[in-house]
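**Q** Before I ask anything, let me first share the structure, which is written out below as structure tokens.
Taken together, the values in this text are just the output of simple stated rules run on the coordinates, not laboratory data. This is a predicted model, so every value here is computed, not measured. Cβ sites come from the backbone with ideal geometry, for glycine too, and all protein chains shown count toward neighbours.
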Amino acid sequence: MDHLRIVKKVYSASGGDYKVRDRHGNLVFKVEGVYWSWRSERIIFDAGHNPLLSLRCQLFSNHDRWKAYRGRSFNEKDLIFSVKRSSIFQIKTNLDVFMATNKREKKCDFKLKGTFSEDSCKIYKGNSSTIVAHMEKKDTVKTVVLGRDTFEIAIDQNVDHAFIISLIITLYEIENPIEVKSP
């Protein structure tokens with residue numbers, strides 16, 4: 001398992017700034033919110049600031065659906081995957097992930113179970129018991145004072161790390177839909 005740390009600024013102008021570092025403190029990914037957008041959008045960049053994928057909340061979705069696209073695109077031909085709540089009413093958050101090739105969405109390709117209020121979540125391959133990633137919230141006095149949320153993630157080495165990071169960010173955004181944005 002590889003280990004990464006996500007740090008999210010709680011207060012940011014775009015409402016969606018994250019930095020992802022490896023265990024040595026090296027920047028691996030950076031996530032930025034899109035300014036002046038009618039809907040929630042996030043772009044994930046590699047350490048060289050190359051756009052890897054874009055996340056967008058679907059408007060008027062009963063299941064809080066988000067879609068991920070290649071690079072900076074929001075074109076359906078560049079769709080990689082979509083994420084939605086397993087059901088409209090949930091006590092604990094369960095998200096289903098459908099790869100773009102899974103057009104019928106009869107069975108999910110990945111599943112997220114857990115919540116930020118419980119401080120952890122697990123990502124499973126389909127509906128199996130195979131865990132491909134695990135996230136735990138790791139706030140300290142310092143991160144709370146600085147206005148940051150911190151998450152530790154263990155990811156299976158055979159799974160795309162940007163994909164897992166995008167799922168964790170989507171979970172955070174679904175559970176925290178209203179953010180206070182600084183001027």
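**Q** What does the charge add up to near Gly126, with Lys and Arg as +1, Asp and Glu as -1, over the other residues with Cβ less than 12 Å from its Cβ?
**A** So the environment of Gly126 carries a net charge of +2.
**Q** Could you line up Leu27, Leu59 from fewest to most neighbouring Cβ atoms inside 10 Å? List each step's numbers first, then the result.
**A** Values: Leu27 14, Leu59 9.
Lowest count first: Leu59, Leu27.
**Q** Sort Phe98, Phe74 so the one with the fewest other Cβ atoms within 10 Å of its own Cβ comes first.
**A** On the way: Phe98 21, Phe74 15.
Listed from fewest to most nearby Cβ atoms, that is Phe74, Phe98.
**Q** Hey, another quick one. What ranking of Met135, Met1 emerges when the number of other C-beta atoms within 10 Å of each C-beta is taken as an exposure proxy, fewest first? If you can, show how the numbers build up before the last one.
**A** Values: Met135 26, Met1 12.
Sorted ascending by nearby Cβ count, the order is Met1, Met135.
**Q** Quick query: amide H of Gln58 versus all other amide H atoms, modeled in the peptide plane; which residues come in under 5 Å with a sequence gap of 5 or more or a different chain?
**A** The answer is Arg65, Trp66, Lys67.
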